[in-house]
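The structure under discussion appears below in the form of structure tokens.
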Amino acid sequence: MTAGPTTDPRAAATGPVPKRRGTELALLGFAVLITLVAQLIVDLTITGAPRADLATFSAWFAALWAVAHLVVRKWAPYADPLLLPAVALLSGLGLAVIHRLDLAAEQIDSTVTREDAPVQLLWATLGIALFVVVLVVVRDHRMLSRYAYTLALVGLVLLALPAALPASLSEVNGAKIWIRVAGFSIQPGEFAKIGLIIFFAAYLVNKRDVLALASRRVMGLELPRGRDLGPVLVAWILSILVLVFERDLGSSLLLFGIFVVMLYVATERSSWLLIGLGLFAGGALIAYRIFDHVQTRVDTWLDPFAYRDEGGYQMVQSLFGLGTGGLFGAGLGGGRPDQVPVAKSDFIAAAVGEELGLFGLVAVIVLYLILVERGLRTSLIVRDAFGKLLAAGLAFAVAWQVFVVLGGVTGLLPLTGLTTPFLAYGGSSLVANFGLVALLVRISDAARRPAVPAPAPMPTLGDAPTEVVQP
Amino acid sequence: MNAPLRRVAIAVLVLFTLLIVNANYIQVVRSDELRSDQGNTRVLAEEYNRERGSIIVDGTEIALSVPTDDVLNYLRQYPDGRLWAAVTGYYSLIYGSTMMEDAENEVLSGSDPRLTFRRLTDLFTGRDPQGGDVVLTLDPAVQRAAMAGLDGVTGAVVALDPRSGAVLGLASTPTYDPNELSSHDPDAIRAYAAELDNLERDPRLNRAIRETYPPGSVFKVVVSAAALENGYEPDTEVPAPDVLTLPGTRTELENFGGSDCASDERQSLIDALTISCNTAFAQLGIDLGEERIRETAERFGIDGEPREIPLEVVGSDIGEINNDAELGVSSIGQQDVRVTPLQGAMIAAAVANDGQLMAPYMVDQVRAPDLTVIDRTEPEVLSEATSQDVANDLTEMMISVVENGSGGAARVDGVQVAGKTGTAENAGADHNWFVGFAPADNPTIAVAVFVANGGGTGGDVSAPIARDVIAAYLERGR
């Protein structure tokens, strides 16, 4: 058997794989341009003149993405070209809308001096810094599986930390999910989520065969064994515990959904989906019965107008804003998005829908869709199982979160207090999501990189050319 | 793992499609419902952000929007607010809008379908949407004379052009300043509204079109019309007893001040109207019968139906008549007969226009922001109140009222005025009416003056105001 040149049919068949960094650069430029135009429109509409620091802002924002792009070029040259621009446009749009809301606050009460947009920009810078660090440190995503259990532990600690702290340091609006230190508030849950996803991916890769094959028949369904069922139950119980102690309905829904889907993908057994659905339904019903705040949330969701002066006020204002915005929206600066309480974070999608209209809101949904589908595509083509699961978990995390948040804001689902990734004001969420994207970029680089040709196999002794040994 | 991955990808697609469909449902399907909800102040804020169209009278803006620096980009101003308050109404952040600001809101705020083309181009050029202008039929000289005449009393004046139905004057007192209710200062607005609430008579009530009052003797014009249509002539002698005992009762109907209408208790129709003989007309009404009276009244517009001019006008009605006694009292404009001052003017206008009652209207033209006329009101016949012959006879009789009878104070130098006075009893002091038109041979203005609880007679209280209004109008050479 003669040695072949490579063992990867892909490289042989198609020639050199295009890196597509040029596409990425062009799209990034486009995203930065749209962001700047949006900023300009906001300022011109509301104050009549461009903001004084427009040049500084533009330079800074462009520099952030230039740095990110250069880092990708150097350390992940084969990465998917759409990931970064989608994130750039979403975060840029978020900055524009937050700035617009800042201006609205100043118009109404001229004594307000705190501006959130510059703070968000700082967090974005931190996010890009994390992005760079992750890409540089994690050269091969497979190394993460070695730290799986450590990451799980750290993640759980982070998740539980706010519960252990007194309410003064950890509670906002009834949810104990914060850690307030030195004037800053961070949500450790956002980082814990990523750690836990890495853990799930590593664990499932190890146990997937057992989970898939060893099973018992119960009521006509192939169910996995009890000992294998263990992790799912643990995950479920943990989620509910988070809910109980921290009153964070959204995060438990998020984690639960992500884990069930990862389980399904890893084992290819749809029975997991059914089990998951059943557990969720059971848990939700119990939660509804036991917890008042869950009950209020559901009642308010079913008929927000009946509660329009109390708990439903936020939802009603959001619906008013969206309905008034209509197809084309009121225009940036033309609506009253500030009438929705907490518009900068929880309800930023309502502000987008009101001012940019249905077209704008759908455009944002499509941007998320691009991000998610590119992540899922990465998981399809990456070669190792861990990478597949990790990419799928991360991508689905974004998808699920966006669905739950936007669903809540538009009245499709009850409100959950989750943040809108990249768009909403919130440091921890932004920085953590940049970390998430860094991981996706890393995995997509591995996925699209042509395989290193295997070294030519050593010729067996029998095939070696005979040597004439000279005396 | 690829197979489940693909399914997950499809599931994500389905979830996001759900989001899009739901967003569509809210932002398109439910858009109108959400916009018009009472709790939604965005629409109001949106309207306030636009340059609202002006309300124009005789080339002058009586309501306009001026740009301001604050959050709400435009301030609504009413130069001469107190003069035109009954016509313009107000445009208030807190209390909404009334009168013309409300009736023509779609044009003024720019959302009227007739302004659509311009709105579409605005969409593409990004121009701020502007409202259209509303040009009214009113005459400033008439309005000023009317408000001056009503100064110090509670009442209303309505003046119409009998040939077309165009409203020349619409006044109601007491009045108020709409500027105070349309400012940007919510506290000031509320304070002013509280002040108005505390007044004995609310100035925001437009008495010309939103309240009905017993017309008293003015209604005798309608009864006369019914008589003339049924064989009577102006010189037909009718019974005019000193005192009339209402059939089936012991109640005695008297004339004004207990006087006698005629020495021999018989009088011609024209004389009975001239001195406004109650007993004659009560008996006349009884003789004609309820059906004829009601039917004639309906042709003059007293049909109980509200109208839009485009301001909303409440309906005028002759009320329930259960027996002849009530019929008699109704025939002198008491009992349950209730009319708006506008209806009073319509009675005069019908007679003035050869029996043809034209539909009253206030909006002459609607204009786009670039001044092109996008709609014009064409005069319309509301009903054939009576025949030309009867109208001529009525005119003769009404001239007599002014020249020889109770309407003397309405005489204008050099112009023949026709009219009828009315003094209506009610809970308080008597109401005072005068309706008339001029010049009698070729009328160009019909007017109704109503003074609530004036205490005097229609002749001394209301007729002089009518004279001033007519004089002001005719002095301008129409």
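Please count how many residues of the stretch B:173-204 are part of a loop (DSSP other than H, G, I, E, B), under 20 Å from the mean Cα position of the chain (by Cα) and not charged (D, E, K, R). Explain how you work it out, then say what you get.
Going through the stretch B:173-204, the residues part of a loop (DSSP other than H, G, I, E, B) turn out to be B:174-177, B:182-185, B:199-204.
Now drop any that are not under 20 Å from the mean Cα position of the chain (by Cα), which leaves B:174-177, B:201-204.
With not charged (D, E, K, R) added as a condition, the list becomes B:174-176, B:203.
Here the count works out to 4.
Taken over the stretch B:272-294, the criterion of being touching a residue at least 60 places away in the same chain (Cβ under 8 Å) and surrounded by fewer than 24 Cβ atoms within 10 Å (Cβ to Cβ) is satisfied by B:Thr274, B:Ile275, B:Leu288, B:Arg292. Please determine whether any residue of the stretch B:222-234 is surrounded by 21 or more Cβ atoms within 10 Å (Cβ to Cβ) and more than 23 Å from B:Leu394 (Cα to Cα). No: the stretch B:222-234 contains no residue that is surrounded by 21 or more Cβ atoms within 10 Å (Cβ to Cβ) and more than 23 Å from B:Leu394 (Cα to Cα). Taken over the stretch B:423-445, the criterion of being of a type outside the set (A, V, I, L, M), within 18 Å of B:Arg338 (Cβ to Cβ), out of contact with any Pro (no Cβ under 8 Å at 6 or more places or on another chain) and not in a strand (DSSP E or B) is satisfied by B:Gly428, B:Asp430.
Residue by residue, here is whether (1) touching a strand residue (DSSP E or B) at 6+ places or on another chain (Cβ under 9 Å); (2) away from chain B (no Cβ under 11 Å); (3) within 30 Å of A:Asp80 (Cβ to Cβ) holds:
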site	(1), (2), (3)
A:Phe291	no, yes, no
A:Phe320	no, no, no
A:Pro337	no, no, no
A:Gly353	no, no, yes
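When the stretch A:361-381 is filtered for residues that are within 10 Å of chain B (Cβ to nearest Cβ) and more than 17 Å from the chain's Cα centre (by Cα), the ones remaining, listed by number, are A:Leu361, A:Val362, A:Leu380, A:Ile381. For the stretch A:301-357, the tally of residues that are touching a Pro at 6+ places or on another chain (Cβ under 6 Å), touching a residue at least 40 places away in the same chain (Cβ under 8 Å) and of a type in the set (Gly, Ala, Ser) stands at 2. In the stretch B:64-102, the qualifying residues are those that are at pLDDT 90 or above and of a type in the set (Gly, Ala, Ser), and the one that is farthest from the chain's Cα centre (by Cα) is B:Ser65.
Got at least one residue in the stretch A:386-398 being closer than 24 Å to A:Tyr147 by Cβ and of a type in the set (Phe, Trp, Tyr)? Yes: the stretch A:386-398 contains one or more residues that are closer than 24 Å to A:Tyr147 by Cβ and of a type in the set (Phe, Trp, Tyr). For A:Arg146, the conditions (1) surrounded by 13 or more Cβ atoms within 10 Å (Cβ to Cβ); (2) part of a helix (DSSP H, G or I); (3) of a type outside the set (Gly, Ala, Ser) all hold with the exception of (1).
For every residue, the table says whether it meets (1) among the hydrophobic types (A, V, I, L, M, F, W, C); (2) part of a strand (DSSP E or B); (3) more than 11 Å from the chain's Cα centre (by Cα).
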| position | (1), (2), (3) |
| --- | --- |
| B:Thr296 | no, no, yes |
| B:Asp303 | no, no, yes |
| B:Ile321 | yes, no, yes |
| B:Ala325 | yes, no, yes |
| B:Ser330 | no, no, yes |
| B:Gln335 | no, no, yes |
| B:Leu342 | yes, no, no |
| B:Ile347 | yes, no, yes |
| B:Ala350 | yes, no, yes |
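Considered as a group, the residues in the stretch A:34-72 that are touching a helix residue (DSSP H, G or I) at 6+ places or on another chain (Cβ under 6 Å) and among the hydroxyl-bearing types (Ser, Thr, Tyr) include one that is modelled with the lowest pLDDT, and that residue is A:Ser58. Taken over the stretch B:1-26, the residue count meeting the criterion of being within 20 Å of A:Leu413 (Cα to Cα) and either of a type outside the set (Ser, Thr, Tyr) or within 7 Å of chain A (Cβ to nearest Cβ) (or both) is 14.
Yes/no per residue for (1) among the small types (Gly, Ala, Ser); (2) touching a Leu at 6+ places or on another chain (Cβ under 8 Å):
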| position | (1), (2) |
| --- | --- |
| B:Glu295 | no, no |
| B:Arg299 | no, yes |
| B:Ile318 | no, no |
| B:Ala359 | yes, yes |
| B:Asp375 | no, no |
| B:Asp393 | no, yes |
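Being closer than 22 Å to A:Pro421 by Cβ, in contact with a helix residue (DSSP H, G or I) (Cβ under 7 Å, 6 or more places away or on another chain) and in contact (Cβ under 8 Å) with a residue 24 or more places away in the chain is true of A:Pro85. Residues in the stretch B:62-86 that are charged (D, E, K, R) and in contact (Cβ under 8 Å) with a residue 40 or more places away in the chain were compared, and the one that is farthest from B:Leu196 (Cα to Cα) is B:Asp70. For the stretch A:88-112, a tally of residues being outside any helix (DSSP H, G or I) and either more than 14 Å from chain B (Cβ to nearest Cβ) or in contact with a helix residue (DSSP H, G or I) (Cβ under 9 Å, 6 or more places away or on another chain) (or both) returns 2.
From the list A:Gly407, A:Gly387, the one residue that fits, being in a helix (DSSP H, G or I), of a type outside the set (A, V, I, L, M) and more than 27 Å from A:Leu361 (Cβ to Cβ), is A:Gly387.
Rundown of residues vs (1) within 14 Å of chain A (Cβ to nearest Cβ); (2) small (Gly, Ala, Ser); (3) more than 30 Å from A:Glu106 (Cα to Cα); (4) buried (at least 16 other Cβ atoms within 10 Å of the Cβ), yes/no style:
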| position | (1), (2), (3), (4) |
| --- | --- |
| B:Val28 | yes, no, yes, no |
| B:Asp58 | no, no, yes, no |
| B:Val66 | no, no, no, no |
| B:Asp70 | yes, no, no, no |
| B:Leu75 | no, no, no, yes |
| B:Tyr95 | no, no, no, no |
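All told, B:Ile62 falls short of being out of contact with any Phe, Trp or Tyr (no Cβ under 9 Å at 6 or more places or on another chain), in a strand (DSSP E or B), away from chain A (no Cβ under 14 Å) and over 28 Å from A:Met315 (Cα atoms). For the residues B:Val107, B:Val87, B:Val66, B:Val29, the requirement of being of a type outside the set (D, E, K, R) and within 30 Å of A:Val364 (Cα to Cα) singles out B:Val29. There is at least one residue in the stretch B:446-455 that is farther than 30 Å from B:Glu200 by Cβ, touching a strand residue (DSSP E or B) at 6+ places or on another chain (Cβ under 7 Å) and either modelled with pLDDT of 90 or more or surrounded by 24 or more Cβ atoms within 10 Å (Cβ to Cβ) (or both). If A:Ala330 satisfies all but one of (1) within 11 Å of chain B (Cβ to nearest Cβ); (2) under 26 Å from the mean Cα position of the chain (by Cα); (3) modelled with pLDDT under 85, what's the number of the condition it fails? The number of the failed condition is (2).
Residues in the stretch A:272-289 that are touching a residue at least 24 places away in the same chain (Cβ under 8 Å) and either within 12 Å of another protein chain (Cβ to nearest Cβ) or under 21 Å from A:Ala391 (Cβ atoms) (or both): A:Trp272, A:Gly276. Every test in (1) of a type outside the set (A, V, I, L, M, F, W, C); (2) under 30 Å from A:Ser444 (Cβ atoms); (3) at the interface with chain B (Cβ under 8 Å from one of its Cβ atoms); (4) crowded, with 24+ Cβ neighbours inside 10 Å is passed by A:Gly407 save one, and that test is (4).
The values are calculated or read from the model by the stated rules, or taken from the named source; none is laboratory data. None of the values given here were measured: they were computed from a predicted structure. Note: ideal-geometry Cβ built from the backbone for every residue, glycine included; neighbour counts use all protein chains shown.
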